[in-house]
Amino acid sequence: MRAIIVLVCFFVSFGFCFVSCKPLDGEPEQAHFKDEISEIKEAYAPDKRVALFQIAPEKQGDVYVLKGESNLPEAVSALKEKLTAKNISYVDSVQLLPNADLAGKTKGLITISVANLRSNPKHSAELATQATLGTPVNVLKRDGEWYLIQTPDRYLAWVDHGGIVLMDENQWKGWKTGPKVMFTETYGQAYETPADNTKPISDLVAGNVLQLLEEQEGYYKVQFPDARIGYINRVAAVLYEEWLKGADNGVEGLVRTSKRFMGLPYLWGGTSPKGVDCSGYTKTIFFLNGMVIPRDASQQVHTGTLVDTLKNFDALQKGDLLFFGRKATDATAEKVVHVGMWIGNNEFIHSSGKVHVSSMDDTAENFDAFNKDRYLRTKRLWKQEGQGLLQLSQASVFRD
């Protein structure tokens, strides 16, 4: 189960810039700060998993200092405009990201088969999500040997230096315009020479993207983002542009992909063939069929097209996502805690303990009474448009 990941708040303050506005006489200034900050945060950054807006007032002597950081310049500008319009005086010490000490290297590529992205800049922190080799990311700031990044699904998390190569804008464009290959086998390796079972360069998993140098003796000669050179057997990979054309195999492709991972262990934060949580599993299925969807179940449920809320499973088609959790009451809000994918025959496949198939038919051997009882709704994301949904054939994620 994966519904909500809480990202850490970060506070940085420097580069003071004074704003000369007169406060309203007799009114508590800090209360205005809190109200205005809450309003802007709700409007621009309601989900802190994908938007960083951590700003708070701090009283220093007779003045209030606006401190914190954000990767949303438009939100920071909107906050300042609100404060100015209300004649609230403050000192601006908000740090806009990306941080200047990155020296222009605000782009990056994941350079290992699967990078574990953490909620805090340390290996002991919670596994927030994963990113696979060749994934392009935005780099926001550095903390020691860790980098705060934003993935194509807009998720914010920390990666250690061994999992990423930083690039400036020109290097980034050069990589995006070059030819690439997509590794398509579930697991495999890149080798030092064009022959299997020779010295490996790296392990690989399905969905890894590498730069193509040339084709040689039945192998693709490829370059990793960190400039390592390796060879991949052509039967285990395909030219990226060709993969894009063949990735849209319809809903049957989703079902076939889902069954490739039967028995894969549940891993909180996992979004790869090395382990998946419930939403990481559905995300991986869709990605390997050419579509990027939001990271968490509680995000996936808010996009796509509504199919059912009444357990009318006859209305579902293969590839639809079923969401489970706690229904809303007069005292509590709805809470989405689990997701699975419909595969037909009254069955859905999901990661719970391990990837397996469950049934909504109470006469079936694999009937899942627990999840049927907490069923909330079904959404259709495949080939739909909406926030957080990207068709790789139309988006410039891995290419210009």
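As an exercise, identify the GluC sites (Glu not before Pro) in the range 173-274 lying in DSSP coil whose Cβ has no more than 11 other Cβ atoms within 10 Å. Spell out each step's value before the answer.
On the way: sites: GLU185, GLU192, GLU214, GLU215, GLU217, GLU241, GLU242, GLU252; in loops: GLU185, GLU192, GLU217.
Passing both the DSSP loop test and the Cβ count: GLU217.
Tally Lys and Arg at +1 and Asp and Glu at -1 over the other residues with C-beta under 14 Å from the C-beta of PHE261: what net charge comes out? Intermediate results must be reported in sequence, preceding the final value.
Numbers: positive: ARG256, LYS259, ARG260, LYS274, LYS283, LYS354; negative: GLU185, ASP277.
Local net charge: +4.
Rounded to the nearest 5, what is the percent of antiparallel bridges among the DSSP beta bridges in the chain? Show your work: numbers first, answer last.
On the way: 83 of 91 bridges.
Approximately 90 percent, going by the DSSP bridge assignments.
Suppose every Lys and Arg Cβ carries +1 and every Asp and Glu Cβ carries -1, with no other charges. What dipole size does the range 249-400 come out with about its Cα centre, to the nearest 20 debye?
Working: 19 positive and 16 negative charges, 87 e Å.
My answer is approximately 420 debye.
Can you give the FRET efficiency to the nearest 0.05 for LYS383 and ASN87, using r as the Cβ-Cβ distance and R₀ = 41 Å? Working shown, then result.
Numbers: r = 51 Å, r/R0 = 1.24.
My answer for the efficiency is 0.20.
Over the chain, what is the relative contact order in whole percent, taking alpha-carbon pairs under 8 Å and six or more residues apart? Each step should come with its number before you reach the end.
Details: 914 pairs, mean separation 53.7, N = 400.
Worked out over the chain, it gives 13 percent.
Search the structure for amide H atoms under 5 Å from the amide H of VAL91, placed 1.01 Å from N in the peptide plane, and list their residues when 5 or more places away or on another chain.
TYR64, VAL65, LEU66
Calculate I(q)/I(0) for the range 227-374 by the Debye formula, one identical point scatterer on each C-alpha and no solvent, and give its log10 at q = 0.20 Å⁻¹ to two decimals.
Calculated log10 I(q)/I(0) at the listed q: -1.34.
Can you pick out the pairs among LYS41/LYS379; LYS107/LYS354; LYS173/LYS383; LYS176/LYS274 whose Cα atoms lie more than 30 Å from each other? Present the calculation step by step, with values, prior to reporting the outcome.
Numbers: LYS41/LYS379 27 Å; LYS107/LYS354 35 Å; LYS173/LYS383 28 Å; LYS176/LYS274 26 Å.
Among LYS41/LYS379; LYS107/LYS354; LYS173/LYS383; LYS176/LYS274, the Cα-Cα distance tops 30 Å for LYS107/LYS354.
Taken together, the values in this text are just the output of simple stated rules run on the coordinates, not laboratory data. Quantities reported herein were computed from a predicted structural model and do not represent experimental measurements. Neighbour counts run over all protein chains shown; Cβ positions are idealised from the backbone, glycine included.
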